[in-house]
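No value in this document is a laboratory result; all are computed from the given coordinates. Owing to the predicted nature of the structure, the values given are computational and were not obtained by experimental measurement. A quick note on method: Cβ atoms are made from the backbone with ideal geometry, for glycine too, and the neighbour counts reach across all protein chains shown.
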Amino acid sequence: MSPEGTPQTVTRVLVVDDEPQIVRALVINLKARSYEVDAAHDGATALRLAAARHPDVVVLDLGLPDMDGVEVIKGLRGWTRVPILVLSARHSSDEKVEALDAGADDYVTKPFGMDELLARLRAAVRRAEPIGGGGDDVVVDTDEFTVDLVAKKVNKGGRDVRLTPTEWHLLEVLVRNTGRLVSQKQLLQEVWGPSYGTETNYLRVYMAQLRRKLEADPSHPKHFVTEPGMGYRFEK
C-alpha cells in the first residue's frame, strides 16, 4: 500500500526557496511520497523552470535574493493558474494579503510542520483538478447544510434557507473556493464590485448573517472560518 499522502498520479512540484536546508527537507519529503520535484533558489530560475517544466503546484518563499516572491506570483499569473502555496517567515497580515491578492492560493508561515504543509499542498492540487462532466461538485454537502450552486439554493435540516442576493453571492464565492483562503479584497471586489476593497465591515456583517443562518453554533463557526486580518475560508 502506498504511504499516506502519496498522489495516485505523478504530481510535479516546483519548490522555490533560497534556504538550502528547507529545499532539501521539502525535496526529501515530497520524493518519498512519489512527487516529482524541481527546485529553484531565486525568482528568475523559478519563472524559467515553471515555463519549461509546467509544474502542477508551486511552493514559493517570498524572501528571494533577486526579486520579491510577490513578483514571481505576478509573473506566473500572467500565463498560468497553477496553484501557488506561499511559504514565508513574514508574519505581517499586510504581506500575506499582498501575496494572496497577487494570486497565491494559500499561505504557510515558517516555521511550519511538514504534515500541515503536505496537507495544504494536496488540497491545492485537488482544487486545481478540472471538474469532469458537471459532476457532483455543483452540490456541496456539509454536516449542517447543502449548497446547490446550479439551483442557487441552500437546504438545512430539510428546509430551504432564505438568503439575500448579497448573502448568496458571498456564499457562492467561498464555496467555489472550498478549503482555499479568499482574501478580504477579493471577496469585496467579487461581491460588491471592483471599486471596493477596504470595506471590511461589510464582510463582518454578512459573514455573521451567514453563520447565524447556516452554522450549528454561530459563535464557534466550523464552516465559515476567519483568518484574522487576511480573509475567510469555507470548509466542508
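A straight Cα-to-Cα reach below 27 Å connects Lys31 with the lysines Lys110, residues fewer than 8 places away in its own chain not being considered. Calculation over all alpha carbon pairs of segment 136-234 in 10 angstrom steps from 0 returns a P(r) of 15, 53, 29, 3 percent. Averaging the Cα positions of each part gives two centres, and for segment 188-204 and segment 84-122 these lie 23 Å apart.
Hey, if you put +1 on the Cβ of every Lys and Arg and -1 on every Asp and Glu Cβ in the chain, which of Pro218, Phe112, Trp79 ends up farthest toward the positive end of that dipole? Sorting the options by dipole projection puts first Pro218.
Among DSSP beta bridges whose residues both lie in the chain, state the antiparallel percentage, nearest 5. Working shown, then result.
Details: 17 of 34 bridges.
If we restrict to bridges inside the chain, about 50 percent are antiparallel.
About the Cα centre of the chain, what is the dipole size in debye to 20, counting +1 per Lys and Arg Cβ and -1 per Asp and Glu Cβ, all else neutral?
The calculated dipole for the chain is roughly 560 debye.
As a check on your grasp of the helix formula, calculate [θ] at 222 nm for the chain: sum -39500 (n - 2.57) over DSSP H runs of n ≥ 4, divide by the residue count, round to the nearest 500. All intermediate terms of the calculation are to be shown ahead of the outcome.
On the way: 8 runs with 93 residues, N = 236.
Value at 222 nm, helices only: -12000 deg cm²/dmol.
Each eigenvalue of the Cα gyration tensor of segment 25-131, multiplied by 5 and square-rooted, gives one semi-axis; in descending order these are 19, 17, 15 Å. Total lysine pairs in segment 136-234 at Cα distances under 16 Å, for residues eight or more apart or on different chains: 5. Of the beta bridges in segment 9-82, as assigned by DSSP with both residues counted there, near 10 percent are antiparallel.
Where does each of 170-180, 209-219 land if you order them by average Cβ count within 10 Å, highest first? It would help to have the intermediate numbers written out before the result.
On the way: 170-180: 19.3, 209-219: 15.3.
My ranking of the peptides, most packed first, is 170-180, 209-219.
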